[in-house]
Every structure is written in C-alpha cells, then in structure tokens.
Amino acid sequence: MKNIITSLLLTLIGFLNASAQTGAIEGTIRDFETKSPITGASINLSSANKGDNTDAFGFFRFANLPAGQYELIASHIGYRTEIIPVEVKEKLISTVAVNLKKGNLDLSEVRVNSKKTNGLNTLSQVDIMLRPVNTSQDILRIVPGVFIAQHAGGGKAEQIFLRGFDIDHGTDISLTVDGIPVNMVSHAHGQGYADLHFLIPETIEKAAFELGPHSTEKGNQATAGFVDFKTKDFLSSNSIKTEAGDFNTQRVSGQLKIFNKSTERSRQQFYVASEYFHNDGYFESPQNFHRFNILGKYNAWFGNQSQLTITTSTFDSRWNASGQIPDRAVRSGLISRFGSIDNSEGGNTSRTNFNIRFAKQWKGNWQSANQFYYSKYHFKLYSNFTFFLEDPVNGDEIRQRESRNIYGYTTTAAKTWLLGNKKIVTEFGAGFRYDNINDIELSKAVRRQFLSYIQKGDVKETNTFLYWDQQVELSNKFSVNGGIRYDYFRFGYRDELAGETDFRRQTRGTISPKINLNYSPSANVKIFFNNGIGFHSNDSRVILSNQANDILPKVFGTDLGIILKPVKALVLKTTLWHLYSQQEFVYVGDAGIVEPSGKTRRMGIDVSARYQVSSWLYADLDVNLTKARAAGEPKGEDYVPLAPAFTSIGGLTAKSKNGFSGSLRYRFIDDRPANEDYSVKAHGYFIADVLLSYKLKKFDLFVSMENIFNRDWNEAQFDTESRLQGEPAAVSEIHYTPGTPRFIKAGISFSF
C-alpha cells in the first residue's frame, strides 16, 4: 500500500514539475463583423498535434506547452482559416485574440483531431443558403441519412427517416431550436411530433447534429440522433427578400435590426425577422397553404463574460390537403396522380415561444447557463386514410385536436481544469419539462363537420432530469468522454369520455450511461468509438389506459468510425454502427390504437466525403447502408416496414469571386419493404435540384429548380387497408402522396 501511495505522489510531483517548466496559450475566437464569440471553432497547434474546440464563450486554452514557437490554426465552417504565430515562454500564458472573417470553407486547413464535433457534423449558413430550401424542415435533408416526406398539404410536420427508422414525425430523433424542444410528447397525431415550420430559414446560423444515442445532454427521443438549430445572435445587415414560383407560390421575408449598440465592453442588438408564405401546391385541389412567422431576438454580451438572450416568436399556418391516394384509383383512371379521394383534409396549427437564457464565465474556469422557455401550442388536423372502410355512408374522416402549454428549465455548470498535465472538462446539468395538454381529441367528422368523439381528455406529463458529463484528455492523441443521465417521468391522463374527474397517474425513471473514446494518431486521422443508451417515452394515454409495461423502452447504440484527411482537400468519414431497440411501442394517433412492433435490430455503414475541387468548387457525398430487422421473427417475415436500406445525398457547390454561385444536388432512396414480408414495396426515387444565384452589390438574385428531370415519384408511402365508395370489400395496397413535379422559383433579396 505504501508503495502505491509513494508512486502516486511521485507521479503527481512529476506532473507539477513538468507544468512548472512549461507555458500555455489561451484566447478567444470571435466573428469579425459582429464581434460575438464563435462556439465550436477548431483550434489546432501545427507542431504539437493538439486540437480543441472553443467553448460557448469562444474561449480555448492549451496548457503544459514546452517553450518555443507555434502556429495556431483557427477554422470554422463558413469562415476563412487564420494561422497565427505564437511564442510560448516558460511559466507564462500567451494570449491570442482571433477575429474570423466570413468566407468559403477551406478544406486544406481543416484538422480532424478536434475533441468535440467535427466539420462534417456542423452545417453552416453558407451550406443552407446554397441549397433549395422552402421551409426550415427542408434543412433536415442536409443531415447525412435523413430523408423527409410531406403527405398532408405542407402544414403538417414531415415524416422523417433515419438509420433504418421510420421515425414518423419525431419518435426517434430529438430536434431543438435555441434549446427549445421541438418534439411534442403525447401529441394528438403521434408521439414525438416535431413541427419545425415555426423556424424562419434565413434566421438559422447553424445546425449541429449527431447520430446515435451518445450525447449525455440529450434525453427523450434522441435515439437515432439529434439536430440542434441555432438562430443568429446578431445580424450583420438588414435584408428583405421576395420570391415567386410555380403553383402560385409567393413568399416575403425580412430581417431588421431595431436596436444595435457596440462598445469595447459590450455588444447588444435586438432584431425582428418575419416570413409570409403562400402556395397552392401541385394538386388538382388547391391546398391554399398560408404560413406566417415572426421572431424577435435580443442578444447582449457584457465584457465577453456574460451573455443574455431573450427570444420570442409566433407562428400560424392553415392549409387544405388532397391526402394519400390508393394506387388502384390511379391505375383504373378514377383519379390522376394529383387527384384526391377526399379533398376535405387539412388543418391549422400555431405556436408561440418565449425563451430566455443567461450564460456567464466565472472565476476559476467555471461556466454556467440557465434557460427558461415557454410554448403555447394549438393543433387541428383532418385526415382520411381508409376512405369508406369503417363507415360506408359518411366515410372515415377523423379530426385530431389539442391545445397545450409547455414550461421548461435547464441549468448547466461546466469547469475546465488540469490534473497534472491532463485537461479535464466536467459538466453538470439538470432541468425539467412540463406539458399541460387540454382537450386532446380524436373524433369522427364529415367534410370537417364534427360527428362523434373517439377519444377526449387532458394530459399532464413532466420530465425531470439531471446528468453528469466528463471529458478527459489522457494525451495529445487519446481522450475519453463519459457521462450518465437520469430521467424521471410523471404521466397523467384524465379521460373525459369516461367521466373521470381526477387524473390517473404513473411514474417511471430511467438511467442512460454514455462512453465515447477518441484517438487521433495525427492531425489528419481521428478514430472514435461511441457507446450509449437512449430511450423514447410512450404516450401518456397508452400508459394510463392500458397499463403498459414498456413505458420508457431503451435503445442501445454503438458507433465505430474513422475520419481521414488523406490529402489537403479531402475529408472522409466512415462509421459502422449498431442500434438495438427494446420495444418500438408507440401511440398511433390516426387510429387511436397502440401498435407494439417488438424488439428490433439495426446495423449499417455511413460514408461521408467532402472534397474541395478548387478554390471555388466544393463537392460532398453521403452514402448510408442499413439493415433493419425485427428480432425474434422468422426470416423473411422480419422486415421493418418502410425502413430505408440504401440512401444517398450529394452534389456540387460553386462560389466564384465575381458574384456567381450555385449548387447541383441529388437525393436517392432505394426501394424498401412496406410490410413485414416485403410482399409490398415502397418505391425509391432519384431527384435532382439546382440553385443559381448572383450577387450584385447589395442585391442577390436567385433561381432554383427542384426535380429538374420532372420525374414521377412517390413521397410518403404506406401499405394501408382501405375501401373506396362502392367497393364490395377492403383492399390492402400502397397508398401514397405524389412527390413534387418540376418546380421553378425565383427571387431577389436586398441588404441595407
């Protein structure tokens, strides 16, 4: 025992002596125009094989550096890379302040050995602006492996596919905007319903994502992955944009600085952004889709040590929809591809958000952040999926409706410190989310006229959580990130149709451990091994009505990958992954029933490539192969319906010095099973889009074309049993929403 204690003391003394003979570099990375800190910028020391990322305050630090000359390389997607010579002296701290200018990504200076997320996991505003985007939901398509499908007239949240999951509208992917959760638990239409249409695309500064359940700070729904959107803190200029296109499309958007003040010690701005969108769609029955958004955001930095952000937004949309159509109706000539069986579908939804966040850098390298958010939400949707199957006289139209208030609070505290010469980052987090849902309803209707209730009641659901996350830099090449998270749920449901006056309640907790390993033998190679357990909650009505045992089924995930930079202009990322789900057991709001699908196993390989062909031409490619199967089922009857097996996105992006820019992009999804034995097929598609723009002083002119080859393709597809009016019996076959035909849109924006 004495020998062990003596060895530990000698090791600690050695660490301290080594530290005493070395120096350090610390500094901040800021935006050149706004002077606001840049979070997640990559910082590398060329001669020391050290890499790191800036924190929420744009701060970084390299400790225990031998005295000498170094080159510090600062880079971030959407900014020009800066190389700064720095001299390190013994027992002294060299301070560096770097201001990055906006520009194209220069892959020749990108390092892949940063400790946190890498460039392939962060989408910048530059990427977003060079791709055809009609709504913020379209930006999800940029995430490798994510495909979306709209099947209710444009106003309903899109169906999402990722890593072999038919995520429906958000069951297994966590989406946030400035820390506000987008997913709606125990929603009238489906568990985890995530409607992003309240987010104005032009206000998005960046979107960070990670695939798999490996992040300690992420809880409910973060199983296949998560995407965090962040809106701009500061506007560099005012702008207004007008757009028009096919299918009676009109859009007007603008961003305006109301208050803007900057001194040596503070930076404050309040801006307003707004959007109006109208579209009749390409269907024979016009969808008459209207959407209005407005956002106000106040952001202030005080002494580069405190940040206060206050954001408010409101959104409203209304639309009609042609709905999904049966394949037999088109084949027989009853309707065209763009016709409808029941054109009374559609709905309206609205959401108002309030968000306040205060972050502070304290003495002793402690950082804290406190956030409170509130959302007021309304939803009403009319659908008819089976036509006259259940009611041959009135038809099977249903109405889903709810009104909810969401209250949430999150607090975090993090500290960067040294144990000898080992850098350690410790973070603690805690918070809660409370959903108070009134009059959550499923009812029968005819031409949007109420007939009778199927379900009606109130839901109260609370999620309290806390977590601990630990990062340890064991050497310049090897680091470990581990953490543990605990979530506690309290579910409540009052069934109004049963005459209940009190809420029935159920509670449940779950623990989610994570462990991630990173090894970087050089600045051009990074190997990672990520492991974690995630979960998705089930609907409160299911839990309280059926006393379900599978309340918080877990998903076990593992990723093994490598990021390479074989040449200056090429970055490659390959990931082998595996996901095991205890139970895919979710509430199906369309029918008011529960469909447990049992245990599932998914495995696959993701390949990403980013190549800078020249100073003005940038290429990207993402390929995703997946095998999704139900565990314990007979071979040939174990397919997971609608699980994508092969997807790919990619394209070319160009930006010349004379103001011209553009992109040519494609998205491909292969055929996939629509039922458990693959006797019914959901057809794949290949779609290409193009965007061209020209910048002339303060004006930007652009034109985009979606589906440039005008291919017939099916967007949302389901194997559904239905009956048309006059048919003697039900028929089970593919029902689909046709995808967008060739769609041309042009616009102009003015900055001032």
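No value in this document is a laboratory result; all are computed from the given coordinates. Keep in mind it's a predicted model, so treat the numbers as computed, not measured. Cβ coordinates were reconstructed from backbone atoms using ideal geometry, including for glycine residues, and neighbour counts include every protein chain displayed.
Could you give the length gained on full extension between residue 108 and residue 434, defined as 0.36 nm per residue of separation minus the Cα-Cα distance, in nm? Don't jump to the answer; show the numbers that get you there.
Values: separation 326, 0.36 × 326 = 117.36 nm, distance 4.70 nm.
The span from residue 108 to residue 434 would gain 112.7 nm if fully extended.
Let's test the formula: R0 of 45 Å, r as the Cβ-Cβ distance of residue 260 and residue 334. What FRET efficiency results, to the nearest 0.05?
Using R0 = 45 Å, I get an efficiency of 0.15.
Based only on other Cβ atoms within 10 Å, what is the fewest-to-most ordering of 622, 495?
Going from sparsest to densest Cβ surroundings: 495, 622.
Among the lysines, select those whose C-alpha is under 24 Å from the C-alpha of residue 257, and discard any that sit fewer than 8 residues away in the same chain.
Counting by Cα, and skipping residues close in sequence, residue 257 has these lysines nearby: 35, 101, 102, 206, 230, 232, 241, 297, 695, 697, 698.
How far is it, in nm, from the label point at residue 476 to the one at residue 742 when both lie 7 Å from their Cα along the line to the Cβ?
Each label point is offset 7 Å from its Cα along the Cβ direction, giving 5.7 nm.
If I stretch the segment between residue 393 and residue 250 completely, what's the gain in nm (0.36 nm per residue apart, minus their alpha carbon distance), one decimal?
That works out to 47.6 nm of additional length.
Within 10 Å of each residue's Cβ, count the other Cβ atoms and sort 389, 696, 691 from fewest upward.
696, 389, 691
Using only Cα atoms and rounding to the nearest 10 degrees, what angle (0 to 90) does helix 2-20 make with the longest principal axis of the chain?
80 degrees
Starting from the 7 Å offset along Cα-to-Cβ, what nm value, one decimal, do you get for the label separation of residue 101 and residue 352?
Simple spin-label model gives 4.5 nm for this pair.
FRET efficiency for residue 660 and residue 529, Cβ-Cβ distance as r, R0 = 45 Å, nearest 0.05?
Numbers: r = 43 Å, r/R0 = 0.97.
For residue 660 and residue 529, the calculated efficiency is 0.55.
Gain in length, residue 564 to residue 686, computed as 0.36 nm per residue apart minus the alpha-carbon separation, to one decimal in nm?
Stretched out fully, the residue 564 to residue 686 stretch lengthens by 41.1 nm.
Which aspartates and glutamates, on any chain, are close to residue 655 with Cα under 12 Å apart, when same-chain ones fewer than 8 places away are left out?
127
Near residue 573, which lysines are there with a Cα under 17 Å away, not counting those fewer than 8 places off in the same chain?
The qualifying lysines are 115, 116, 526, 565.
Can you give the % of DSSP beta bridges in the chain that are antiparallel, to the nearest 5?
DSSP beta bridges in the chain are roughly 95 percent antiparallel.
As a check on your grasp of the helix formula, calculate [θ] at 222 nm for the chain: sum -39500 (n - 2.57) over DSSP H runs of n ≥ 4, divide by the residue count, round to the nearest 500.
-1500 deg cm²/dmol
Taking the Cβ of residue 679 as the centre, find all other residues whose Cβ is under 12 Å away and add up their charges (Lys, Arg: +1; Asp, Glu: -1).
Net of charged neighbours comes to -4.
Report the calculated FRET efficiency for residue 668 and residue 69 (r = Cβ-Cβ distance, R0 = 45 Å), to the nearest 0.05. Can you show the working numbers first?
Values: r = 49 Å, r/R0 = 1.09.
Efficiency computed from Cβ-Cβ geometry: 0.35.
Would you calculate the separation in nanometres between label points at residue 727 and residue 468, each defined as 7 Å from the Cα along the Cα-to-beta-carbon direction?
The two pseudo-label positions are separated by 5.9 nm.
Taking the Kirkwood radius as the inverse of the mean 1/r across Cα pairs, report the Rg/Rh of the chain.
Answer for the chain: 0.97.
Using θ = phi - 60° and the Karplus curve 6.51 cos²θ - 1.76 cosθ + 1.60, what whole-Hz ³J(HN,Hα) does each residue of the range 263-268 get, with Gly and Pro shown as x?
Karplus-based 3J(HN,Hα) across the range 263-268 equals 10, 5, 9, 8, 9, 10 Hz.
Translational diffusion coefficient of the range 615-670 at 20 °C, 1.002 mPa s, Stokes-Einstein with Kirkwood Rh over Cα pairs, in µm²/s as a whole number.
It comes out at roughly 151 µm²/s.
Report the net charge of residues surrounding residue 273, where surrounding means a beta-carbon distance below 9 angstrom and charges are Lys +1, Arg +1, Asp -1, Glu -1.
Working: positive: 232, 297; negative: 202, 275.
Net charge in that neighbourhood comes out at 0.
Please work out the C-alpha center-to-center distance from the range 440-486 to the range 691-752 and express it in whole Å.
30 Å
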